[in-house]
Amino acid sequence: MPIAETWLLPDGVADVLPEQAQVIETLRRKALDFLARRGYQLVYTPFIEYIESLSSISDSNQDLDLATFKIIDQLSGRLLGVRADMTPQVARIDAHVHPVEGIARYCYAGTVLHTKPQGFNTNRAPLQLGAELFGSSCIDADVELVDLMLSLLEHAGFADGIHLDLGHVGLFRSLVKHANLDKDAEQHLSDLYQRKALPELAAYTHDLPCGADFNALGRYASDLNALRQNLSPQVWADDEFAMAFNALATTSAEIQKRWPNLHIGIDVVELRSYHYHTGLTYAVYAPHRAAPLAQGGRYDGIGKHFGRARPATGFSCDLYALCAGQFEPVSVVVAPKGSQQDLLEAIAQLRAEGRNVIQLLGQDDVDSVAYATHRLQHINGQWAVEQI
C-alpha cells in the first residue's frame, strides 16, 4: 500500500494544529482551575480498563456499550475497553479506590474514544471535561451542578444567548411503572417522545393504560402548569411522579433566581439518555450550534457495580467542540545565536514574562523559523524585541 494512504487518519479523528491547540489548552487549564476553586478535585483515569469496570453504567445503557471499543489484553487474555465516557471511571474511584464519607467532588479532563460519532458530533475522540458530585440525593446538589456548569461556560466566554434545557426522566419512568407497561411499549413510547410525533402518540396511547396521561406528557412537555392541569388525579397520587415533578419545578425556580436573565426551557420527555440517567437532566445550548455546549444529569446508584451504591450528579463537555473555529496566532521571538551573558539574560527575562523565545542554531537565520513573529536584536547597547 502506498505510504500516502497509510498515514491518512481514520474518519472522525483529526490532528489539532498549534493555532487551535493553544486555544484548547488555555481553556482546559482555565476550566480545571475554576473547578478546583469550587472544591472539585482533579483525577486522572486510565485510557483502557477491563470491560467489567467500564460497564458500571453500560450494563443498562446499550448506547454506551456500543460506543466502546473493545480489545483483547495480550497479557491476561481478558477483554479491555477503551473509555468512551469518564463517568464510570470516576464512579469506580469514588466507590472503590478512594471511598470517602459524605459528599465527594471530582473533576477531570481527558480524551475518550467512540466507535461511531455521537449525535451531532463528528469527532470520535472528544476531549472530555467534566465534574461529578457523589453522596447527595437532595435537590441542592442538582442545583449546584447546573449552576457550576453555567458558571464554567460563562468563565469560558459563553455567556451571551445561551439556553438551558431541563428535564426529568423520573416522570416518564414512574408513569411507565404506574401503568405497568412492558418493555416493548416503554421503548415505543420513548421513541415517539424523542421524535415529537404527537399524532402517532395520540393514536398509540388511545387504548393504552393511563393513555391520556402519556399523551398529556408529550403534548404539554414544555409547560409544567399545563401538564399539571391535564394529568389525572391517579398520577398525582403516585409519590414517585409527584416527587420528580416537584424536583424539576424547584430546580428550575432555583436556577432562575441565580441566573435571572437566563432562558430556561422544560422538556419532560427528553429521553436521549434515559438508560443513563435516573432523575434530573440538563443541557446548555448556544445560538447557531446544534449540539449542546455541555450536558449532564443525575445517575443515582452508580457505584453499585463496585459494591458501594451512591447518589450522583454531574456534567461534561467536549473542549474540542467548545473551541471549534477559534484560533490564536502563536507569537514567537527569535533570538540570535550566542552565549554572551547579556543575551542569555535577555532571553531568560522574556521567557519569565511569558514570551515564547527560540534561539537560532548553527548557521541558521530568522528565515529558518517559519512561524517567527518577532526578533531579538541588539540596538544601542541593549537587547530589544522588534516585530518581523
### Task
Would you please name the chymotrypsin sites (Phe, Trp or Tyr not before Pro) within region 111-161 that are DSSP coil residues with at most 10 other C-beta atoms within 10 Å of their C-beta?
Phe120
### Task
Name the long-range amide H neighbours of Gln359: under 5 Å, sequence gap of 5 or more, or other chain; modelled H, no Pro or chain starts.
Ala335
### Task
Find how much the distance from Asp11 to Asp147 grows on full extension, using 0.36 nm per residue of separation minus their present alpha carbon separation; answer in nm with one decimal.
45.4 nm
### Query
With θ set to phi - 60° and the Karplus curve 6.51 cos²θ - 1.76 cosθ + 1.60, what are the ³J(HN,Hα) couplings of region 202-212 in order, to the nearest whole Hz, using x for Gly and Pro?
4, 5, 5, 8, 4, 10, 8, x, 6, x, 4
### Task
Go ahead and run the numbers for FRET between Ala290 and Arg37, Cβ-Cβ distance against an R0 of 41 Å, rounding to 0.05.
0.85
### Query
So, by mean Cβ neighbours within 10 angstrom, what's the order for 107-117, 83-93, 290-300 with the highest one leading?
83-93, 290-300, 107-117
### Query
What ranking, highest mean first, results for peptides 23-29, 380-386, 173-179 when packing means the other Cβ atoms within 10 Å averaged over each residue?
173-179, 23-29, 380-386
#### Entry: Local electrostatic count, Ile264, Cβ distance below 12 Å [Lys/Arg +1, Asp/Glu -1]
-1
### Those lysines that a straight Cα-Cα span of less than 27 Å connects to Lys196, excepting residues fewer than 8 apart in one chain
Lys116, Lys177, Lys183
### Query
When Lys and Arg each count +1 and Asp and Glu each count -1, what net charge do the other residues less than 15 Å away from Gln229, Cβ to Cβ, add up to?
0
### Query
Thinking of region 7-145 as a set of Cα atoms, what percent of all their pairs are more than 22 Å apart?
48
### Query
With no solvent and one point per C-alpha, what does the Debye sum give as log10 I(q)/I(0) for region 154-210 at q = 0.17, 0.25 Å⁻¹?
-0.64, -1.10
### Query
What does the charge add up to near Asp11, with Lys and Arg as +1, Asp and Glu as -1, over the other residues with Cβ less than 11 Å from its Cβ?
+2
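Once R0 is set to 25 Å, what does the formula 1/(1 + (r/R0)^6) return for the Cβ-Cβ distance between Ala370 and Lys30, expressed as a FRET efficiency to the nearest 0.05?
Efficiency at R0 = 25 Å is approximately 0.30.
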### Task
Translational diffusion coefficient, Stokes-Einstein: compute it for region 192-241 using the Kirkwood radius over C-alpha pairs as Rh, at 20 °C and 1.002 mPa s, and state it as an integer in µm² s⁻¹.
192
### Message
If you split all Cα-Cα distances of region 332-387 into 5 Å bins from zero, what percentages do you get per bin, shortest first?
### Response
4, 21, 33, 27, 14, 1
### Message
I'd like the FRET efficiency for Ala352 and Phe327, computed as 1/(1 + (r/R0)^6) with the beta carbon distance as r and R0 of 25 Å, rounded to 0.05.
### Response
0.40
### Task
Could you let me know the centre-to-centre spacing of region 293-313 and region 171-191, using Cα atoms, in angstrom?
22
### Query
Gain in length, Glu386 to Glu200, computed as 0.36 nm per residue apart minus the alpha-carbon separation, to one decimal in nm?
60.0 nm
### Task
Rounded to whole Hz and in sequence order, give me ³J(HN,Hα) for region 286-298 from the Karplus expression 6.51 cos²θ - 1.76 cosθ + 1.60, θ = phi - 60°, writing x for Gly and Pro.
10, x, 6, 10, 6, 8, x, 5, 7, 7, x, x, 8
### Calculated P(r) tail over 18 Å for region 292-388, as whole % of Cα pairs
64
### Query
Angle between the Cα long axis of helix 183-195 and the longest principal axis of the chain, 0 to 90 degrees, nearest 10?
60
## Note on the structure
Taking the reciprocal of mean 1/r across every pair of different Cα atoms in the chain, the Kirkwood radius in Å is 24.1
### Message
Along the Cα→Cβ direction, 7 angstrom out, place labels at Ser76 and His188. What is the inter-label distance in nm?
### Response
4.3
#### Entry: Relative counts (whole %) of C-alpha pair distances in region 183-280, using bins that are 5 Å wide
2, 12, 20, 24, 22, 12, 5, 2, 1
### Summary
Label model pair Leu262, Asn230: point-to-point distance (7 angstrom along the Cα→beta-carbon line) in nm is 2.7
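FYI, it's all coordinate maths here, none of it is from the lab. The model shown is predicted, which means the values in this text are computed figures rather than measured ones. Heads up, the Cβs are rebuilt from the backbone with ideal geometry, glycines too, and the neighbour counts pull from every protein chain shown.
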